[in-house]
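Here's the structure, in structure tokens; my notes come after.
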Amino acid sequence: MSVATVGSTRRTRDFMPRAARDQREAFLLLIPALIPVIVFSVFPLLQGIYLGFTNAEAGFEVQVVFNKLDNYRRLLHNALFWQSFEIGIVWAVATTALQYVLGLGLALLLNERLRLRGVARMLALVPWAMPSVIVAIMWRLVYLPDAGILNGVLQTLHLQRTPVNWLGDFSSALPAVIVVGVWAGLAPTTIALLGGLQGIAADLHEAAAVDGASSAQRFQHITWPQLRSVTEAIVSLDFIWNFNSFGLVYVLTAGGPGGQTMLPALFAYNEAFKFGHFGYAAAMGNVMVLVVVGLLAIYMRYQRRSQA
């Protein structure tokens, strides 16, 4: 064996323990961050999955029994729950799509060299900085049938004669809530897309402009493909957030009128804390998780095929 081979073998032996040591140290440094995640996320998730297979109810000295799939069989025949699922899908898809389209337009605008661009970017964050309860109360005042700002403006412009009860009418309640959801969630979508736009090299646009490409062509062949990864991430997060939203809709309508804005999260909340059926509500939550994961898997598979 040559001297070079012996030296290489010794370096490999010295490197392997050092690499293992580095991995062990990195894991030890991650433990303080993993503990809160396990305690406040993983453990409640596992407990919720377990409760979905029990008859847990509110009360003192209630014996919890493992009832297997009884809760899920009961869910299959609960038409109101599946109706809330349809409303939740409509709400999540419409809100997510509008947030993305408007957020992309606003991000493109804020990416330009405009006067007071810094102030405009700061103002774009205002809805995100406000608690959802405050946002809901503010919009309830806007939607008031008698003294609301919206009805006042529309009547002043002679666009309507009589005031509309936007949150109390069967036909307008869900669209009105969607508008509030889009406004409240527009800021994070805009910031994420703005970050993606700033990551695109300016040389690409300059070269395309020299070659005679129009603004629409540059967006189609440069901007849009470069934003694809950001789009996948923000659309997925927005959909999960919107489908599981609770506070905003609860303060606005509490699921009314007549269940027209009853989202699945609201339905499970009423079942758990209004009627005390914790096991049944946990089963609803488990079904919601499975549906969201399934829809996201379909979406991600479609995006990968389109990229290929």
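Per-structure values
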{"item": "For the chain, with +1 on Lys and Arg beta carbons and -1 on Asp and Glu, the positive-most of ASN78, VAL101, VAL153 along the dipole", "result": "VAL101"}
{"item": "Fewest-first ranking of ARG161, ARG140, using other Cβ atoms within 10 Å as the exposure measure", "result": "ARG161, ARG140"}
{"item": "Nearest-0.05 FRET efficiency for LYS68 and ARG140, computed from C-beta distance (R0 30 Å)", "result": "0.10"}
{"item": "Local net charge near ARG301, Cβ-Cβ under 15 Å (Lys/Arg +1, Asp/Glu -1)", "result": "+2"}
{"item": "Identified option (computed Cα Rg over 2.2 N^0.38 Å; candidates (i) 1.34; (ii) 1.00; (iii) 1.09)", "result": "(i)"}
{"item": "Point-to-point label distance, GLN220-TYR302, nm (Cα→Cβ direction, 7 Å offset)", "result": "2.1 nm"}
{"item": "Pairwise label distance in nanometres, LYS274 with VAL210, each label 7 Å out on the Cα-Cβ vector", "result": "6.5 nm"}
{"item": "Unit charges at the beta carbon, dipole of the chain: most positive-side option, ALA120, GLY168, ILE87", "result": "ALA120"}
{"item": "Sorted peptide list for 19-32, 46-59, criterion being average Cβ within 10 angstrom, highest first", "result": "46-59, 19-32"}
{"item": "Charge dipole magnitude, Cβ of K and R +1, D and E -1 - the chain, Cα centre, debye nearest 20", "result": "820 debye"}
{"item": "Neighbour-count ranking [beta-carbon atoms within 10 angstrom, fewest first] of GLU232, GLU61, GLU112, GLU271", "result": "GLU61, GLU112, GLU232, GLU271"}
{"item": "Sites ASN78 and ALA201, calculated FRET efficiency, Cβ-Cβ separation with R0 41 Å, nearest 0.05", "result": "0.15"}
{"item": "Placed amide H near ASN55: partners under 5 Å, 5+ positions off or other chain", "result": "VAL65, ASN67"}
{"item": "15 Å beta-carbon shell around VAL179, net charge (K/R +1, D/E -1)", "result": "0"}
{"item": "Nearest-0.05 FRET efficiency for HIS158 and ASP22, computed from C-beta distance (R0 51 Å)", "result": "0.10"}
{"item": "Proximal charge balance of ILE31 [Cβ under 12 Å; K/R count +1, D/E count -1]", "result": "0"}
{"item": "Chymotrypsin sites (Phe, Trp or Tyr not before Pro) within the range 210-308: DSSP coil, no more than 13 neighbouring Cβ in 10 Å", "result": "PHE275"}
{"item": "Fully extended contour minus Cα-Cα distance, from LEU123 to VAL90, at 0.36 nm per residue", "result": "9.0 nm"}
{"item": "Top of PRO188, PRO36, PRO127 by mean-square fluctuation, Gaussian network on the chain, Cα under 10 Å", "result": "PRO36"}
{"item": "Order of LEU159, LEU263 under a 10 Å beta carbon neighbour criterion, fewest first", "result": "LEU159, LEU263"}
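Just so you know, all these numbers are worked out from the coordinates, no wet-lab data involved. For clarity, every value in this text was computed on a predicted model and none was experimentally measured. Here the Cβ is made from the backbone with ideal geometry for all residues, glycine too, and neighbour counts use every protein chain on show.
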